[in-house]
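Read through the structure below, which is laid out as structure tokens, and then see the notes.
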Amino acid sequence: MKLVLCLHCQDLFNLALEEKSCRCGLTKGKYINQLHAIYSGEHAMPLGFANSSLIKAIQNQPKEGLGETFTAFIIPRECATFVKED
Ligand SMILES: [Zn+2]
């Protein structure tokens, strides 16, 4: 799952085929097909959630105590499937 964090307003949002933007409007992004996405904005930070890890954490949601961790990662500046456009 691809997401974008706006380092200006701290909004974090997932992408869809329709363009989304953060609350302050400086960061935008969208999928262009099932695999490829684009984003823009000088404060934009691309992130990914490891889908299998997220699903496992959801399935193992604890009743109480510590939360269930899952894998999230910062996507490299150069990524063939998640391209910054400015
Ligand atoms: Zn913002």
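Values quoted throughout were computed directly from the atomic coordinates according to the rules given, and no laboratory measurement underlies them. Quantities reported herein were computed from a predicted structural model and do not represent experimental measurements. Neighbour counts are summed over all protein chains in view; Cβ atoms, including those assigned to glycine, are modelled from backbone coordinates with ideal geometry.
Summary table
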{"quantity": "Estimated dipole of region 35-86 in Debye, rounded to 20 [Cβ of Lys and Arg +1, of Asp and Glu -1, Cα centre]", "calculated": "220 debye"}
{"quantity": "With at most 13 neighbouring Cβ atoms within 10 Å, loop trypsin sites (Lys or Arg not before Pro) (DSSP) excluded, longest segment of the chain", "calculated": "24-62"}
{"quantity": "For the chain: relative contact order, % (alpha-carbon pairs under 8 angstrom, 6 or more apart)", "calculated": "27 percent"}
{"quantity": "Spatial separation of Cα centroids for region 49-84 and region 8-44, in angstrom", "calculated": "18 Å"}
{"quantity": "Reachable lysines, given that their alpha-carbon falls under 29 Å from the alpha-carbon of Lys63 and they are not under 8 places away in the same chain", "calculated": "Lys2"}
{"quantity": "Under 15 Å from the Cα of Lys84 - aspartates and glutamates, other chains or at least 8 residues apart", "calculated": "Glu19, Glu42"}
{"quantity": "Placed amide H near Leu15: partners under 5 Å, 5+ positions off or other chain", "calculated": "Lys2"}
{"quantity": "Note, ³J(HN,Hα) from phi for region 55-64, Karplus 6.51, -1.76, 1.60, rounded to Hz, x at Gly and Pro", "calculated": "4, 5, 5, 4, 5, 9, 3, x, 6, 7"}
